[in-house]
1. From the residues in segment 61-71 that are among the small types (Gly, Ala, Ser) and without any contact (Cβ under 8 Å) to a residue 24 or more places away in the chain, which one is farthest from Ser6 (Cα to Cα)?
2. For Ile69, only one of the following conditions fails: (1) part of a loop (DSSP other than H, G, I, E, B); (2) of a type outside the set (Asp, Glu); (3) in contact with a strand residue (DSSP E or B) (Cβ under 6 Å, 6 or more places away or on another chain). What is its number?
3. What tally of residues in segment 78-103 results from selecting those that are surrounded by fewer than 18 Cβ atoms within 10 Å (Cβ to Cβ), of a type in the set (D, E, K, R) and modelled with pLDDT of 95 or more?
4. Count, please, the residues in segment 12-22 that happen to be open to solvent by 20 Å² or more (accessible area, probe 1.4 Å), out of contact with any helix residue (DSSP H, G or I) (no Cβ under 8 Å at 6 or more places or on another chain) and part of a strand (DSSP E or B).
5. Under the condition of being in contact with a Ser or Thr (Cβ under 7 Å, 6 or more places away or on another chain) and open to solvent by 60 Å² or more (accessible area, probe 1.4 Å), which residue from segment 2-11 is farthest from Gly101 (Cα to Cα)?
6. Can you say whether Ser103 is without any contact (Cβ under 8 Å) to a residue 24 or more places away in the chain and of a type outside the set (Asp, Glu), as far as the supplied structure shows?
7. Of these, Arg66, Arg26, Arg71, which one is open to solvent by less than 30 Å² (accessible area, probe 1.4 Å), among the charged types (D, E, K, R) and out of contact with any His (no Cβ under 6 Å at 6 or more places or on another chain)?
8. So, in segment 34-63, how many residues would count as being part of a loop (DSSP other than H, G, I, E, B), open to solvent by 80 Å² or more (accessible area, probe 1.4 Å) and out of contact with any helix residue (DSSP H, G or I) (no Cβ under 8 Å at 6 or more places or on another chain)?
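The values are calculated or read from the model by the stated rules, or taken from the named source; none is laboratory data. Since the structure is predicted, the reported quantities are computational estimates derived from the model, not experimental observations. For neighbour counting, all protein chains shown are included, and Cβ atoms are generated from backbone atoms with ideal geometry for every residue, glycine included. Remember, those area values only see protein heavy atoms, side chains included, never the ligands or the DNA or RNA. Shrake-Rupley method; radii C 1.70, N 1.55, O 1.52, S 1.80 Å.
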Amino acid sequence: VQLQASGGGLVQAGGSLRLSCAASIRTTSAYVTGWFRQAPGKEREFVAFITYSGGVTDYTDSVKGRFTISRDNAKNTVYLQMNSLRPEDTAVYYCGLNYRGRSYLLGSAYAYWGQGTLVTVSS
């Protein structure tokens with residue numbers, strides 16, 4: 001299984017980016033997809049997750065109301081729309097594939113990871 005994360009870049013504070021995570025397999029309801037991020041000198045942290053149906057999502061408190069996770073199962077792709085970006089959102093963003101039923105908050109629980117895409121927000 002391979003995950004390809006893309007869409008990162010340099011943006012000014014208050015701007016927007018949309019990240020994409022494309023899977024090499026047709027995912028099923030057995031999987032959930034999560035986004036994590038890792039800022040320089042910090043540990044990887046949970047950002048958002050979504051179930052296969054899209055019916056269940058969750059976000060870390062610092063991005064609620066600004067980020068939206070969604071998916072297009074026909075394209076095997078999960079998106080992270082990031083609005084009102086702040087300098088503290090600067091990080092490498094990773095998407096991961098996890099088995100449903102495992103903790104979606106813990107990076108160590110994820111079975112597969114993409115290579116990461118860098119988001120830089122300037123003040």
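1. Narrowing segment 61-71 to residues among the small types (Gly, Ala, Ser): 62, 65, 70.
If we keep only those that are without any contact (Cβ under 8 Å) to a residue 24 or more places away in the chain as well, we get 65, 70.
Details: Gly65: 22, Ser70: 15 Å.
The selected residue is Gly65.
2. Here Ile69 clears every test but (1).
3. Result for segment 78-103: 2.
4. 4
5. Leu10
6. Values: without any contact (Cβ under 8 Å) to a residue 24 or more places away in the chain: yes; of a type outside the set (Asp, Glu): yes.
Yes; evaluated as a whole, the condition is true for this residue.
7. Working: Arg26 fails: open to solvent by less than 30 Å² (accessible area, probe 1.4 Å); Arg71 fails: open to solvent by less than 30 Å² (accessible area, probe 1.4 Å).
The unique qualifying residue is Arg66.
8. So in segment 34-63, the residues part of a loop (DSSP other than H, G, I, E, B) come out as 39-44, 52-56, 60.
Next cut, open to solvent by 80 Å² or more (accessible area, probe 1.4 Å) only: 40-44, 53.
Those left that are additionally out of contact with any helix residue (DSSP H, G or I) (no Cβ under 8 Å at 6 or more places or on another chain): 40-43, 53.
Count: 5.
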